[in-house]
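Please treat every number below as a calculation from the coordinates, not as lab data. Because the structure is predicted, anything quoted here is derived from the model rather than measured.
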Amino acid sequence: MGVGGLSAAQLLKVSFTGYPTGGVITASGELVPAVTTYYSNGNNAPNALTSWKPNRDGTGTSPANFLAGNIFVVQGTGNGGTTPHSMTTSATWSVSGTNSAVIIENGATLTATSAITHRFYNYFSNKRWRL
């Protein structure tokens, strides 16, 4: 058995409304939805699903939507990246879902020429901005 008495296979089958299938057990023992962190893969429009990948090197499958409570990181200097990304919207970009976040790393930019809608946290940590 895994943490909390659930096996890895069982955690993959857990379902939460509004989230992709899958759960994780936190250090405090709480069962929560599994979310994915997606990283910008270049100087692209953030509102395009193909602008995001689950690996910093730009590999992996893009998200299906911006509604599942995932985390989107505009890559900056450090953290395996060499050149900060500069992203500019080409249409309205709406990020939603419980605990969703947009993080802009040090040196990266996010320019809104169209509306960006998201619940704002005004959270600053390690030179990252969480909207």
Shape descriptor, region 16-57: equivalent ellipsoid semi-axes (Cα gyration tensor, sqrt 5λ, whole Å, largest first) stand at 27, 12, 7
Whose amide H sits under 5 Å from the amide H of residue 93, counting only residues 5 or more places off or on another chain, with H placed in the peptide plane? 115, 116, 117
